[in-house]
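Asker: Have a look at this one before I ask anything.
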Amino acid sequence: MEPRHPSTSSDGGQDPVVLVVEDEPSIANMLRVGLSAEGFHVETAESGWDALRTLESGPVDLVVLDVMLPGLDGFETCRRLRDGGWAVPVLMLTVRRRVEDRVRGLELGADDYLTKPFAFDELVARIRALLRRAGRLQGGGTLRAGPVELDPETHRVTRDGVEIRLTPTEFQLLETLLRHPERVFHREALLHRVWGYRSEGDTNVVDVHISHLRRKLGDRDRQLIRTVHGVGYALDPEAP
Ligand code: CA
């Protein structure tokens, strides 16, 4: 069927609109605050019906859809949304690990899924990837700081043009720092963003990975990734 709502996306130049469909207030709020800080315009809906009404009423670039909802569940909401002709990318959140649930979501028209609990940065990375794929995100290009470059598309990291191999965790840690140059991150904030929002307190794991990153990036003088004593870490975009 031809989409009846082909131009539902917002115009270029504005923040992409993300509709978060989640009935649990604490999670909905965490997503609203977190995604707003990442530069998205966030709308929220507490139920499937609410979500369909929001789609009717204005432009939405991507839907984050929880499976566990009162009334219409996420699967049914996704089916109705596609039957209604909306071509908007849908990322489903599920607590279930069963393969058939994932398959069902994808069959009903979801574009991707993430299992709760998830790391916030992974959610953001998936959202950006879906928006890029749908042509709804401009400038997803290379991130730079001093001699270091990171390409989010190809997952390639270089220093002075020489490729550096990072583990997925190191990559995510570096991407987080590069996306927020000069911002001082508390260790807890990095733990939360990279390892997951339910991670419990051992921030030593952050220090260990930062030290690996510095070694691999040749940051012996700690000029690229600075230690902010008593707080955490910050990246210097002007590092030599
Ligand atoms: Ca829910």
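Asker: Once you have a ≥ b ≥ c as the square roots of the Cα gyration tensor eigenvalues for the range 6-133, tell me rounded if a/c is under 1.5, and otherwise prolate or oblate according to whether a/b is larger than b/c.
Answerer: Values: a/c = 1.36, a/b = 1.14, b/c = 1.19.
Rounded, because the longest to shortest axis ratio a/c is under 1.5.
Asker: State the percentage of accessible surface on the range 6-133 attributable to carbon and sulfur atoms; use a 1.4 Å probe and exclude ligands, DNA and RNA. Let's see the in-between values first.
Answerer: Numbers: 2670 of 5560 Å².
It is 48 percent, rounded to a whole number.
Asker: Leaving ligands and nucleic acids out of the surface, order ARG214, ARG222 by accessible area at 1.4 Å, largest first. Numbers along the way, then the final one.
Answerer: Working: ARG214 20, ARG222 135 Å².
The most accessible residue leads, giving ARG222, ARG214.
Asker: Compute the relative contact order of the range 143-235 as a whole-number percentage, counting only Cα pairs closer than 8 Å that sit 6 or more residues apart in sequence. Display every interim value, and only then the final one.
Answerer: Working: 109 pairs, mean separation 27.7, N = 93.
Dividing the mean separation by the residue count of the range 143-235 yields 30 percent.
Asker: Could you order peptides 83-94, 229-240 by the average number of other Cβ atoms within 10 Å of their residues, highest first?
Answerer: Details: 83-94: 20.1, 229-240: 14.7.
Those peptides, ordered most packed to least, come out 83-94, 229-240.
Asker: So, one more: Starting from the residue with the highest accessible area, list TRP195, TRP49 in decreasing order, probe 1.4 Å.
Answerer: TRP49, TRP195
Asker: Modelling each spin label as a point 7 Å along the Cα-to-Cβ direction, I'd like the ARG132/THR167 distance in nm, to one decimal.
Answerer: The answer from the label model is 2.4 nm.
Asker: For the chain, what is the accessible area per residue in Å² when the probe is 1.4 Å?
Answerer: Details: 12010 Å² over 240 residues.
Value for the chain: 50 Å² per residue.
Asker: At q = 0.11, 0.25 Å⁻¹, what log₁₀ I(q)/I(0) does the range 143-235 have when each alpha carbon counts as one equal point scatterer in the Debye sum?
Answerer: -0.28, -1.48
Asker: Listed highest first by mean packing, meaning other Cβ atoms within 10 Å per residue, what order do 161-167, 68-74, 119-125, 202-208 come in? Working shown, then result.
Answerer: On the way: 161-167: 12.1, 68-74: 16.9, 119-125: 19.1, 202-208: 14.1.
Sorting 161-167, 68-74, 119-125, 202-208 by mean packing, highest first, produces 119-125, 68-74, 202-208, 161-167.
Asker: Using Cα atoms only, what is the angle between the long axis of helix 120-133 and the major principal axis of the chain, expressed in degrees (0 to 90) to the nearest 10?
Answerer: Tilt of helix 120-133: around 70 degrees.
Asker: Same structure, new question: What is the percent carbon and sulfur in the accessible area of the range 143-235, measuring with a 1.4 Å probe over the protein chains and ignoring ligands? Working shown, then result.
Answerer: Values: 2210 of 5020 Å².
The nonpolar share, carbon plus sulfur, comes to 44 percent.
Asker: Could you size up the charge dipole of the chain around its Cα centre, putting +1 on the beta carbon of Lys and Arg and -1 on that of Asp and Glu, and report it in debye to the nearest 20? Numbers along the way, then the final one.
Answerer: Numbers: 32 positive and 39 negative charges, 124 e Å.
Once rounded to the nearest 20, the dipole reads 600 debye.
Asker: To one decimal place, what orientation-averaged projected area in nm² is obtained for the convex hull of the Cα set of the chain? Mind dumping the intermediate values first?
Answerer: Working: hull surface 55.1 nm².
Mean orientational projected area (the chain, Cα hull): 13.8 nm².
Asker: Got the relative contact order for the chain handy, in percent, Cα pairs under 8 Å and 6 or more residues apart?
Answerer: Working: 399 pairs, mean separation 35.4, N = 240.
About 15 percent, as a whole number.
Asker: Another question, if that's okay. Taking amide hydrogens as modeled 1.01 Å from N in the peptide plane, which residues meet the under 5 Å criterion relative to VAL20, leaving out close sequence neighbours?
Answerer: GLU43, THR44, ALA45, VAL64
Asker: Further question on the same structure: Amide H of ASP112 versus every other amide H placed in the peptide plane: which residues, excluding those fewer than 5 positions away on the same chain, fall under 5 Å?
Answerer: VAL90, MET92
Asker: First measure r as the distance between the Cβ atoms of GLU238 and MET68, then evaluate 1/(1 + (r/R0)^6) with R0 = 45 Å and state the FRET efficiency to the nearest 0.05. Don't skip to the end; give the middle numbers.
Answerer: On the way: r = 46 Å, r/R0 = 1.02.
Result of the calculation: an efficiency of 0.45.
The values are calculated or read from the model by the stated rules, or taken from the named source; none is laboratory data. Being a predicted model, the structure only gives us computed values, none of them experimental. Cβ: placed from backbone, ideal geometry, glycine included. Neighbour counts: every protein chain shown. Note: areas computed on protein heavy atoms with side chains; ligands, DNA, RNA excluded. Shrake-Rupley method; radii C 1.70, N 1.55, O 1.52, S 1.80 Å.
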